[in-house]
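What follows is a set of notes on a single structure, which appears directly below.
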Amino acid sequence: MNTPIIEINQLTKSYGINKGVFNLSFSVNEGEVFGFIGPNGAGKTTTIRHLLGFIGSDHGDCHIFGLETKAHAAEIQESLGYLPGEIMFFDHMTGVEFLKLMANLRKLTDLSKMHELIAFFELDPAGRIKKMSKGMKQKLGLIAAFMHDPKVLILDEPTSGLDPLMQTKFVELVLEEKKQGKTILMSSHSFEEVERTCDRAGIIKEGVLIALEDIQELKKTQRKAFIVRTKDDASIETLKTMDLEIIQERNRELEVAVSGDIMPFIKKLANIQVESLDIKSQSLEEVFMDYYKRGERA
């Protein structure tokens, strides 16, 4: 039985026309990695601020560990790791001083995981933060979020500023934390990151949740595109008269989208002169974008 650790119930916070979140409801189960997807201004950070207890709602509520997040923020944050989308540092500090400050605030005496994460992300934290690159600061934020071994992690655009190698290492870290039974909510623009780490994903548009999907089920719905090149013009004209979803046409070549069973399409090709046939699968990003184009505010 799935046990919800993060629960959002009919959450509404309005900042004006289409700004904020509206009647938002979803949950994240214990041991699950949940992707929260949408462009800037869609309501992701507003949702996260409610989960951290930073702001109150106009209507609805949020719970973590069964506790209301505004009233029990201090208690919840003892077992919570958080990475903000825009991290504010004390620039006069060194990275080491910042991490030790975070450890002291959490009364953390065992710093072994902190040192493991510093080595894992290949970070030299000795320099002053104001001289660090965006990527180095992001690593520092990730280490601070994970180093106290929290049961729940809320990560807002966690790979922002990281190079491809470090993005891959982040994915490794998330998958390892998942093995340990951690519950993770992660807002992201990176569809590859979501595909590699998440069990489910929610898509938010103008403050409204327009889709809530299982990643593995989404993969099954990915359309395949077949690129058919024919030997003659007559064959291409015959192909165009068939009941097919044609994506584009060029010379004697058609790109055709096929969902589900491909055999009816293959049988149709038997009636024409095919020179070549190539296949490409729709990316998960394209699947999400289809949802986003179709999604409308309630």
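Readers should treat all values here as calculations from the given coordinates under stated rules, not as data from a laboratory. Worth saying up front: this structure is predicted, and the values here are computed from it rather than measured. Neighbour counts run over all protein chains shown; Cβ positions are idealised from the backbone, glycine included.
What the table below lists for this structure:
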read-out	value
Relative contact order of segment 1-101, pairs being alpha-carbon contacts under 8 Å that are 6 or more residues apart, as %	26 percent
Selected from Thr159, Met93, Leu175, residue furthest toward positive end of dipole (the chain; charges at beta carbon)	Met93
Full-stretch length increase - Ala71, Lys268 - with 0.36 nm per residue and alpha-carbon distance subtracted	64.6 nm
Cβ-based charge dipole, the chain, positive-most Cα from Leu218, Val33, His115	His115
Charge tally in the Cβ shell below 13 Å around Glu75, where Lys, Arg are +1 and Asp, Glu are -1, Glu75 excluded	0
Trypsin sites (Lys or Arg not before Pro) within segment 171-243, DSSP loop, no more than 11 other Cβ atoms inside 10 Å	none
Low-density loop positions, GluC sites (Glu not before Pro), segment 96-137 - DSSP coil, at most 11 other Cβ in 10 Å	Glu122
Gaussian network model of the chain, springs between alpha carbon atoms under 10 Å - residue of Ser14, Ser57, Ser112 with greatest fluctuation	Ser112
Net dipole in debye of the chain [+1 Lys, Arg Cβ; -1 Asp, Glu Cβ; about Cα centre; nearest 20]	500 debye
Choice from Glu237, Glu255, Glu193 showing the highest fluctuation, given a GNM over the chain with Cα pairs closer than 10 Å	Glu237
The chain: most fluctuating residue of Leu142, Leu165, Leu101 per GNM, C-alpha cutoff 10 Å	Leu165
Cα centroid separation, segment 123-186 to segment 1-78 (Å)	21 Å
Listed candidates (i) 64, 46, 34; (ii) 50, 42, 37; (iii) 76, 44, 39 - label of the one calculated as Cα extents along the principal axes in Å	(iii)
Violating pairs (Cα-Cα greater than 24 angstrom) within the set Lys70/Lys113; Lys44/Lys178; Lys139/Lys179; Lys224/Lys293; Lys44/Lys280	Lys70/Lys113; Lys44/Lys280
Under 5 Å, built H, 5+ apart or other chain: amide partners of Lys205	Ile210
Value at 222 nm in deg cm²/dmol, rounded to 500, when DSSP H runs of n ≥ 4 in the chain each add -39,500 (n - 2.57)	-10000 deg cm²/dmol
